[in-house]
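Structure first, commentary second.
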Amino acid sequence: MDIKALHRLFLSHPYVFTDSRKVIKNGLFFALKGDNFNGNKYAESSIEQGAAFAIVDEFKDHPKCILVNNALQTLQNLAHYHRIHLGIPIIGITGSNGKTTTKELLYAVLRKKFKTNATQGNLNNHIGVPLTLLTMNASTEIGIIEMGANHIGEIAFLTRMAEPNFGYITNFGKAHLEGFGSIEGVIQGKSELYEYLKKHRKTIFVNSNDSTQLSQLTGYDNTYRFGLNPDDDCIIAYSNNNNTTVVAEFDGHTAKSQLIGAYNFTNIAIAIAVGTYFNVPPADICKAIEGYESRNNRSQIIRRGKNTVILDAYNANPTSMRAALDHLSQTENSSKVVVLGDMLELGDSSASEHQGIASLVESMNLSNIYLVGPRFYETQTKKAIKHKSVDSVKQQLQEQPFSKSLILIKGSRGMALERLLEII
């Protein structure tokens, strides 16, 4: 079956899924393979449970199993064909930190005026991007695609599939150094979005206060700039609201967010800039930002008895760690406690980067410091209490509880530090 015929079939059954445990009635099941799974084994059972057809790359003697050379490539090709079929404006987002928060803020703002589809959760890879594209339909007016990467070439591949009309890079930080090799590799990899947009003369949203972004766009004039510079297209000022939540001011309007930390200001600012570019009424922009609440372990403010917890356990790298610690240092509280978990995927830089964070946190005026995980355990410290595992620090915190404290919990996803909430 060629891609045109498959697309006609998809339009008749416009629901796609890849998890046989979550069958979508009358949808198309794509039998993907991985190191530890083979979706082909579940093709027939998915049909029995209600799937219209199964796209397989291993022969199945079933009239509703459609054989292709490679199910994943077919999913990606179908998504690309569907994107061209729709012909709608799509905004591509990548960067080292803040991608998902930025995407959620853009979605909140743009949906005030447009029928908007956006990446669900963090489905931002070679499987998540095509699945997101295939959720869009004839009623969709704007699409937002989050794109993640941990090595050179990934963003280039995803941009060719999504063909964004607009793009934004949140920042260039020390994330996924194991795959990118260095900060220079990060810049090169993330800037693949810029290269696509420049090649096709598309619009790039630019934070004018980010010198690295500006250096990557020298000589390119199809940009929309936001920041504090008087010649920016959208001028946005920052207020830290007495060190609590971030407030942004633009064009005589004030957007009072529920987000903390100066690092979230840029995420809010790009949402304001994009909303302004697409002529979303300023009052609606403010309502969208004020109504957005961080979830999924991303800078969440959680009250536990007399304690206040900043739970930022979705991800971590040296850049985001320093930003979170900088915010904590500026926040007033008589008792501050830090629990930091290992930062993963740092490659050869892991030891030095963990030592750098350990030294930084020990230089701060904190009541208690806990470093968790085998990488932090190997650092040289004087004040910090080190634990090799989350269970170990969990036991200590349970035996020696805190009260009236501000507690920052931050670490990579693989550490799952949110488990500490059970005992705080």
Residue check, H327 against (1) outside any loop (DSSP other than H, G, I, E, B); (2) out of contact with any strand residue (DSSP E or B) (no Cβ under 7 Å at 6 or more places or on another chain); (3) surrounded by fewer than 19 Cβ atoms within 10 Å (Cβ to Cβ); (4) not polar (S, T, N, Q), all met but one. Which one? (3)
Would you mention how many residues in the range 349-359 are free of Cβ contacts under 8 Å to residues at least 40 places away in the same chain and over 19 Å from H387 (Cβ atoms)? 2
Check G356, G347, G411 and return the single one that is surrounded by 21 or more Cβ atoms within 10 Å (Cβ to Cβ) and either within 25 Å of the chain's Cα centre (by Cα) or more than 23 Å from T245 (Cβ to Cβ) (or both). G411
Take the conditions of a type in the set (K, R), over 30 Å from L134 (Cβ atoms) and without any contact (Cβ under 8 Å) to a residue 60 or more places away in the chain and apply them to R201. Does it pass? no
The conditions are (1) within 30 Å of N264 (Cα to Cα); (2) in a loop (DSSP other than H, G, I, E, B), and H62 fails exactly one of them. Which is it? (1)
Just one of I155, I145 is within 12 Å of the chain's Cα centre (by Cα), under 24 Å from D221 (Cα atoms) and not in a loop (DSSP other than H, G, I, E, B); which is it? I145
The number of residues in the range 174-213 that are closer than 18 Å to D348 by Cβ, surrounded by 19 or more Cβ atoms within 10 Å (Cβ to Cβ) and small (G, A, S) is 2
Scan the range 96-118 for residues that are in a loop (DSSP other than H, G, I, E, B) and at pLDDT below 95 and report the count. 3
Conditions (1) within 17 Å of I169 (Cβ to Cβ); (2) in a loop (DSSP other than H, G, I, E, B); number of the one not met by T245: (1)
Would you say Y81 is of a type in the set (S, T, Y) and farther than 27 Å from F29 by Cβ? no
Some residue of the range 256-272 being modelled with pLDDT of 90 or more, assigned to a strand (DSSP E or B) and touching a helix residue (DSSP H, G or I) at 6+ places or on another chain (Cβ under 9 Å): yes
Top-ranked residue of the range 32-70 - restricted to ones that are surrounded by 15 or more Cβ atoms within 10 Å (Cβ to Cβ) and under 26 Å from the mean Cα position of the chain (by Cα), ranked as modelled with the highest pLDDT: L32
Positions within the range 11-48 being in contact (Cβ under 8 Å) with a residue 60 or more places away in the chain and within 19 Å of K60 (Cα to Cα), in sequence order: T18, L32
Options D342, D326; residue that is under 15 Å from G173 (Cβ atoms), acidic (D, E), outside the structural domain of Q258 (by TED's automatic domain parsing) and in contact (Cβ under 8 Å) with a residue 24 or more places away in the chain: D326
Residue within the range 305-321 that is in a strand (DSSP E or B), among the charged types (D, E, K, R) and in contact with a Cys (Cβ under 9 Å, 6 or more places away or on another chain) present: no
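The values are calculated or read from the model by the stated rules, or taken from the named source; none is laboratory data. Since the structure is predicted, the reported quantities are computational estimates derived from the model, not experimental observations. Every residue, glycine as well, gets a Cβ built from its backbone with ideal geometry; the counts of neighbours run over all protein chains shown.
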